1. Please work out which residue is farthest from Thr30 (Cα to Cα), limiting yourself to the stretch 71-86 and to residues that are in contact with a helix residue (DSSP H, G or I) (Cβ under 8 Å, 6 or more places away or on another chain) and buried (at least 18 other Cβ atoms within 10 Å of the Cβ).
2. Taking the stretch 44-78 on its own, how many of its residues are touching a residue at least 40 places away in the same chain (Cβ under 8 Å) and in a helix (DSSP H, G or I)?
3. Would you say Lys26 is modelled with pLDDT of 85 or more, touching a strand residue (DSSP E or B) at 6+ places or on another chain (Cβ under 9 Å) and assigned to a loop (DSSP other than H, G, I, E, B)?
4. Please work out which residue is farthest from Asp52 (Cα to Cα), limiting yourself to the stretch 87-98 and to residues that are surrounded by fewer than 16 Cβ atoms within 10 Å (Cβ to Cβ) and out of contact with any Asp or Glu (no Cβ under 6 Å at 6 or more places or on another chain).
5. Restricting the stretch 25-56 to residues that are among the aliphatic types (A, V, I, L, M) and closer than 16 Å to Glu88 by Cβ, which is surrounded by the most Cβ atoms within 10 Å (Cβ to Cβ)?
6. How many of the residues in the stretch 78-95 are polar (S, T, N, Q) and more than 14 Å from the chain's Cα centre (by Cα)?
7. Restricting attention to the stretch 99-120, and to residues there that are free of Cβ contacts under 8 Å to residues at least 60 places away in the same chain and closer than 17 Å to Tyr55 by Cβ, which single residue is surrounded by the fewest Cβ atoms within 10 Å (Cβ to Cβ)?
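The values are calculated or read from the model by the stated rules, or taken from the named source; none is laboratory data. Worth saying up front: this structure is predicted, and the values here are computed from it rather than measured. Using ideal geometry, Cβ is built from the backbone for each residue, glycine included, and neighbour counts are taken over all protein chains shown.
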Amino acid sequence: MRRIVIIGTILLIGAISTWYFDFLNKSVETIDELVGHNYDYANKIYFETAPDIHYTININDNLNEFDGGILNRKDILTDSIVHVYTWEFVNHKKTIWVGKTEKLKNQIIDAIRYKNSVKF
């Protein structure tokens with residue numbers, strides 16, 4: 001019986017550590033299942049909550065390293081204003097960039113998941 005408790009405790013500590021330190025994910029990953037959808041899909045279906053952070057950028061201005069990645073998708077945008085939404089979780093964040101395209105008014109043009117420890 002004691003052996004089972006010890007093994008169970010070790011497994012529980014291992015599972016909690018894996019979740020908390022986020023060992024199963026890369027430091028930064030693209031969320032491919034969101035790219036191409038509209039903002040309502042992300043907000044209501046994928047996240048099911050309002051974002052924790054929201055701001056806008058103009059792709060014609062000087063962008064910081066974090067937002068600068070959006071310039072790779074500049075060719076599909078029909079407006080220079082892009083909305084940036086971030087959801088914060090215990091050990092990571094998820095950010096989407098939403099802009100106006102020929103396909104959709106509020107299309108997700110990029111989406112990433114990144115650990116809280118990542119510095120851009």
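1. Restricting to residues being in contact with a helix residue (DSSP H, G or I) (Cβ under 8 Å, 6 or more places away or on another chain) and buried (at least 18 other Cβ atoms within 10 Å of the Cβ), the top hit is Val82.
2. 5
3. Spelling it out, it is not the case that Lys26 is modelled with pLDDT of 85 or more, touching a strand residue (DSSP E or B) at 6+ places or on another chain (Cβ under 9 Å) and assigned to a loop (DSSP other than H, G, I, E, B).
4. Val90
5. Ala42
6. So the answer is 2.
7. Ranking the qualifying residues of the stretch 99-120, first place goes to Phe120.
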